[in-house]
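K.L.:
Take this structure, written in structure tokens, and hold onto it; I'll ask about it next.
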Amino acid sequence: MVSCPNHLTLREKKCAWQEMLLGKTCRIFCLIFVVVFGLLYVLKVSTLSAKGCEITDLEKQIQTLQNENQKLEFEIATNRSMKSIEERLKSMNLVVADKIEYVTIAGNSIARK
């Protein structure tokens with residue numbers, strides 16, 4: 001019988017496909033395909049996991065900085081209050097100026113060398 005593709009019966013074509021699908025080459029190709037995509041999947045999952053840990057660390061850092069910012073804003077508001085200013089002035093041993101004198105300069109002359 002001549003092995004011309006046009007003269008194959010339907011049953012022979014079906015058997016040829018089954019032999020090709022069950023053949024050694026096809027099984028090796030499928031195994032390589034599964035291994036490659038399995039490795040790519042594991043690599044992608046580990047990368048995403050590392051990014052997730054990094055995001056968690058950054059979110060904790062944001063929370064810490066927000067808390068510190070609130071404390072600093074409270075400290076600024078406390079130090080700006082009149083009561084706080086008066087207390088700090090008392091601790092500096094300053095005296096109240098009773099009599100204020102203003103100095104006026106007569107003329108526009110400047111001393112030259």
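K.L.:
Quick check for me: using +1 on Lys/Arg Cβ and -1 on Asp/Glu Cβ, what's the dipole size of the chain about its Cα centre, in debye to the nearest 20? Please list the in-between numbers first.
P.N.:
Values: 16 positive and 12 negative charges, 114 e Å.
Value, rounded to 20: 540 debye.
K.L.:
Sequence neighbours fewer than 8 away in the same chain don't count; with that in mind, list the lysines whose C-alpha is under 27 Å from LYS51.
P.N.:
LYS60
K.L.:
Placing +1 on the Cβ of each Lys and Arg and -1 on the Cβ of each Asp and Glu in region 9-87, which of ILE55, THR25, LEU39 has its Cα farthest towards the positive end of the resulting dipole?
P.N.:
The residue sitting most towards the positive pole is THR25.
K.L.:
Expressed as an acute angle from 0 to 90° and rounded to the nearest 10, what is the orientation of the C-alpha long axis of helix 24-80 relative to the principal long axis of the chain?
P.N.:
The two axes meet at around 10 degrees.
K.L.:
For LYS83, give me every one of the lysines with a C-alpha distance below 23 angstrom, ignoring sequence neighbours fewer than eight places off in its own chain.
P.N.:
Output for LYS83: LYS71.
K.L.:
Give the angle, between 0 and 90 degrees and rounded to the nearest 10, that separates the Cα long axis of helix 82-91 from the longest principal axis of the Cα atoms of the chain.
P.N.:
With rounding to tens, the tilt is 60 degrees.
K.L.:
Any chance you could give the angle, 0 to 90 degrees and rounded to 10, that helix 10-22 forms with the longest Cα principal axis of the chain?
P.N.:
Rounded to the nearest ten degrees, it is 50.
K.L.:
Enter the per residue convex hull volume of the chain, computed from alpha-carbon coordinates, in Å³ rounded to the nearest integer.
P.N.:
On the way: hull volume 54.7 nm³, N = 113.
Enclosed volume per residue, from the Cα hull, is 484 Å³.
Laboratory data are not the source of any read-out in this text; all were calculated from the coordinates shown. Small disclaimer: the values here were computed from a predicted structure and weren't measured. In this analysis, Cβ positions are derived from the backbone assuming ideal geometry, glycine residues included, and neighbour counts consider all displayed protein chains.
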